[in-house]
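First the structure, in the form of structure tokens, and then the observations on it.
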Amino acid sequence: MSSTKLNSIAQAMVAPNKGILAADESTPTIAKRFSNIDTESTEANRQTYRNMLFTTPGLSDYISGVILFDETIRQTTKSGKSIPELIIQSGAVVGIKLDTGAKVLAGSPEEKVTEGLDGLRERLAEYYELGARFTKWRAVYNISEKYPSELAIKSNAHALARYAALVQEANMVPIVEPEVLMEGDHDINKCYEVTAKVLKECYKELKLHNVNLNGTILKPNMILPGNKLKNKSSTEEIAKLTLKCLKENVPSEVPGIAFLSGGQTEIEATQNLNEINKINDTNFAMTFSYGRALQQSALKHWGKNQEDILNIQKIFNHRAKMNSLSTSARWTEDLDKLNIQ
Ligand code: 13P
């Protein structure tokens, strides 16, 4: 595919006032989310829940793309329509999670390396046929006194770059997701320092593998203090350091940045993105690719009453709308409260 075509998919993913819904929780992860609402994680329950999200009226007003898990991209709705078809008809782009998870890194067993490269070329051809036009691969890095190691940073960057090159070869846009986790009692400057190192190494490898950066999307963490640190940072500080880190380490050819929420509350994720966009003086579109921060309230309500579909979709739509507002710094706390059901 030409670089123009890849770029136009990437541009659609970060279109103004829209962001990406990450609904690609792996089977163990969705089981954890469901157990929090006392719901059994059966294939039928996963299908019912996700179908409800994807059939939200006006989905594509605020959602540009949906990331699916392997199980979901093969499912159909009750009326027999395939899930990818449903998403495409709603006006959003279909994405697929490609990695097979973060596994123990031999050589530094307290750390993880993301796997899934074996057979990837063949899997890509199948996902393209099923309707996918973009993909996701998540690497994770823990912060502690000795970690992340040079080895974890280098091996994850290498895998991300090999993944991205294969995805572009198959005419799809790779989301590159190096997630520096927020677990720990480190301060915000440590997160800044580690994220900068991780991003530098990722772009070094992406360039080495001849990945066309204008046909990629970066999905990074925001720069945050560790979740066990007592001293919280202000939204202004988070936004300032996040923007500085991205400006200094992400090549300008990258068309857009879609943040993960990483354990922030729904409001924190929205408010921080809003603040980032207030001061965004780059050419990068800055949007969201949230899982938990888009679904939490809707999922909770669904756990209480699975029949109340219209209201659950309203709750989901409200979250998507609030995040949409934050992509152009138009979100306010009052608006958020005002709209709550
Ligand atoms: P969270 O927004 O819940 O962190 O999930 C985003 C994601 O897709 C992680 O890979």
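Out of N189, N227, N171, N214, one residue alone is closer than 15 Å to V250 by Cα and open to solvent by 10 Å² or more (accessible area, probe 1.4 Å). It is N214. Among the residues of segment 83-100, the ones that are closer than 13 Å to G116 by Cα and in a loop (DSSP other than H, G, I, E, B) come to 3 in all.
Residues in segment 273-294 that are within 12 Å of the ligand (Cβ to nearest atom), open to solvent by less than 10 Å² (accessible area, probe 1.4 Å) and of a type outside the set (A, V, I, L, M, F, W, C): 2 in all.
Condition check for K300 on (1) within 16 Å of the ligand (Cβ to nearest atom); (2) under 21 Å from I175 (Cβ atoms); (3) in a helix (DSSP H, G or I): one failure, at (2). The single condition among (1) touching a residue at least 24 places away in the same chain (Cβ under 8 Å); (2) more than 19 Å from A196 (Cα to Cα) that L243 does not satisfy is (2). Would you please list the contacts, defined by Cβ atoms under 6 Å and residues six or more apart or on different chains, that run from a residue in segment 50-70 that is within 13 Å of H318 (Cβ to Cβ) to a residue that is among the charged types (D, E, K, R) and open to solvent by 20 Å² or more (accessible area, probe 1.4 Å)? Close Cβ pairs satisfying both conditions: Y62/K18; Y62/K321.
Among the residues of segment 6-56, those identified as more than 16 Å from the ligand (Cβ to nearest atom) and aliphatic (A, V, I, L, M) are L6, I9, A10, A12, A15, A44, M52. So, in segment 1-43, how many residues would count as being aliphatic (A, V, I, L, M) and open to solvent by 60 Å² or more (accessible area, probe 1.4 Å)? Qualifying residue count for the region: 1. Pairing residues of segment 161-183 that are on the phi > 0 side of the Ramachandran plot and within 16 Å of the ligand (Cβ to nearest atom) with residues that are open to solvent by 20 Å² or more (accessible area, probe 1.4 Å) and at pLDDT below 95, at Cβ distances under 6 Å and at least 6 apart in sequence or on separate chains, gives no pairs at all.
Checked against (1) farther than 17 Å from F54 by Cα; (2) under 19 Å from the mean Cα position of the chain (by Cα); (3) touching a residue at least 60 places away in the same chain (Cβ under 8 Å); (4) more than 13 Å from the ligand (Cβ to nearest atom), N317 passes all but condition (1).
Counting residues in segment 113-134 that are within 16 Å of the ligand (Cβ to nearest atom), more than 28 Å from I83 (Cα to Cα), touching a helix residue (DSSP H, G or I) at 6+ places or on another chain (Cβ under 8 Å) and open to solvent by less than 60 Å² (accessible area, probe 1.4 Å) gives one or more. Here I309 meets each of (1) among the β-branched types (V, I, T); (2) closer than 25 Å to T29 by Cβ; (3) open to solvent by less than 30 Å² (accessible area, probe 1.4 Å); (4) away from the ligand (no atom under 13 Å from the Cβ) with one exception, condition (3). Restricting segment 247-272 to residues that are within 16 Å of the ligand (Cβ to nearest atom) and small (G, A, S), which is farthest from C191 (Cα to Cα)? Filtering segment 247-272 for residues that are within 16 Å of the ligand (Cβ to nearest atom) and small (G, A, S), the one farthest from C191 (Cα to Cα) comes out as G256.
The values are calculated or read from the model by the stated rules, or taken from the named source; none is laboratory data. Worth saying up front: this structure is predicted, and the values here are computed from it rather than measured. Note: ideal-geometry Cβ built from the backbone for every residue, glycine included; neighbour counts use all protein chains shown. Only protein heavy atoms, including side chains, enter the accessible area calculation; ligands, DNA and RNA are left aside. Shrake-Rupley method; radii C 1.70, N 1.55, O 1.52, S 1.80 Å.
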